[in-house]
Amino acid sequence: MSFFDDEPTRAAPRARPAPRPRKPADAGARRAPVRGGGSGGGSGPRSPGRSGGSAADDQTLLVRRLVAGGGGLLVLILLVLGVNGCLNSRKDRALKDYTRNVATVLSTSQTDVALPFFQLLNVGADNPSDLTASVRQYALAANEAVKQANGFDVPDDMVRAQNSLMLVLHLRATAISKIADKIADAQAKGRDNAAAVESALKQIAGQMRAFDASDVIYTQRVRPYILDALKAAGVSGPDLPAAQFLPDIGWLDEDNIAGVLNAQRAEGGTGANPEPKPGLHGHGLISVAVGDTVLAPSPATNRPAVGASATFNVKIANQGDNDETDVIVRVSIKAGAAKAVVGTRTVASTKSKTETVVPVTVANPPTGNPAILTAEVVKVPGEKTLDPDNNKQTYTVLFSR
């Protein structure tokens, strides 16, 4: 083949493939972005810088939400604590108010009913009708205390105390009313009324035991229940009074009551007092001694030494025109709020215009604190005196052992 032969045959050109049909816009939008560089508009792939900024915004939003949620929770906690604090404060105030109400009604029962009631019995025995009317007034006052206590706003923690308090006040009001009903019978004259006198004295002594029971219920139930409720709530409430209604246990003795009420009892019975003979009757209290030491009346303070019991030599004088029988001599000692301790001695007989020394023993006299000792020779039937202190004397004592 010559160098100058015809040109070699050229290869036929390749046919271009047909252009692909363009996909719809939404299909392109769903295509995963291609990593890599490039410039262009919003349709291009995201840059690394824009992706980091979005994550930071999400984190900031999360922190803000957490802070907002924590703040809301804190507000809720504060609201709960505030409401709870208000409820606790209201409960504490209710406990204190109830305790104050109890203290008031018991103090009133003591000062406006118990003290004048027993003073009245001691000095008003010679006039049955007036005595009965006066005792009924104290019964009304005692019933007012019941009504007052029944209207108390009682916290749930004080329900037990309230139930016991109502029993205490009911016992006292009922007992005074029943005593008033029996005074006239107890002071009836003549032998035909002897049985009625004895029955009345027995019933009055029984009602005195109701007073004693009310004191026990208060000290063993009402007061402890209130103090326990205050302690459980961590509350320091008002002080509660001792609230002792019965002055001393001598009032539980029928013979003592007969003497105080000037009852004329059937001859021959225990502590019997026959119908008095004409003329003056009665005794006077001369002195009280512990051993050889004669006590000085109040306000002087006596400091005798005593043992587990003490014997007091009470000198009395029969100042009347008649010999007397079954003469009762009583010594009571009261220290502070404690119940009085009492000793009683009955003298078989005393001679007109003569003196008698009566030894009276009292068990467990209080020591270490000042106390009031009261010595008394109980009135005998027919005894009338213008001086109620003629039969009684008080002494301030400070016993030691």
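For beta carbons closer than 8 Å, sequence separation of 6+ or different chains, a first residue in region 195-213 that is at positive phi and a second that is at pLDDT 95 or above and not small (Gly, Ala, Ser), there are no qualifying pairs. Looking only at residues in region 325-345 that are farther than 25 Å from residue 396 by Cβ and modelled with pLDDT of 85 or more, the one that is nearest to the chain's Cα centre (by Cα) is 327. Looking only at residues in region 286-340 that are out of contact with any Ser or Thr (no Cβ under 6 Å at 6 or more places or on another chain) and hydroxyl-bearing (Ser, Thr, Tyr), the one that is farthest from residue 243 (Cα to Cα) is 293.
Every residue, every condition in (1) within 30 Å of residue 367 (Cβ to Cβ); (2) surrounded by 18 or more Cβ atoms within 10 Å (Cβ to Cβ); (3) without any contact (Cβ under 8 Å) to a residue 60 or more places away in the chain, yes or no:
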| position | (1), (2), (3) |
| --- | --- |
| 283 | no, yes, no |
| 296 | yes, no, no |
| 299 | yes, no, no |
| 302 | yes, yes, no |
| 310 | yes, yes, no |
| 314 | yes, yes, no |
| 328 | yes, yes, no |
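Looking across region 330-350, the residues that are of a type outside the set (S, T, N, Q) and surrounded by fewer than 20 Cβ atoms within 10 Å (Cβ to Cβ) come down to 334, 336, 337, 338, 339, 345, 347, 348.
The rows are residues; the columns are (1) of a type in the set (Asp, Glu); (2) out of contact with any helix residue (DSSP H, G or I) (no Cβ under 8 Å at 6 or more places or on another chain); (3) under 23 Å from residue 248 (Cα atoms).
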position: 350; (1), (2), (3): no, yes, no
position: 355; (1), (2), (3): yes, yes, no
position: 362; (1), (2), (3): no, yes, yes
position: 377; (1), (2), (3): no, no, yes
position: 382; (1), (2), (3): no, yes, no
position: 399; (1), (2), (3): no, yes, yes
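Somewhere in region 198-208, is a residue surrounded by fewer than 18 Cβ atoms within 10 Å (Cβ to Cβ) and closer than 22 Å to residue 338 by Cβ? No, every residue in region 198-208 fails to be surrounded by fewer than 18 Cβ atoms within 10 Å (Cβ to Cβ) and closer than 22 Å to residue 338 by Cβ. Among the numbered conditions (1) assigned to a loop (DSSP other than H, G, I, E, B); (2) at negative phi, the only one that residue 396 does not meet is (1). Looking only at residues in region 236-253 that are within 14 Å of the chain's Cα centre (by Cα) and touching a residue at least 40 places away in the same chain (Cβ under 8 Å), the one that is farthest from residue 329 (Cα to Cα) is 237.
Here is the figure for region 127-158: residues that are in contact (Cβ under 8 Å) with a residue 40 or more places away in the chain and more than 15 Å from residue 176 (Cβ to Cβ) total 10. Residues in region 220-264 that are surrounded by fewer than 20 Cβ atoms within 10 Å (Cβ to Cβ), modelled with pLDDT of 90 or more and charged (D, E, K, R): 221, 228, 231.
The values are calculated or read from the model by the stated rules, or taken from the named source; none is laboratory data. Keep in mind that this is a model prediction, so the values were computed, not measured. Neighbour counts are summed over all protein chains in view; Cβ atoms, including those assigned to glycine, are modelled from backbone coordinates with ideal geometry.
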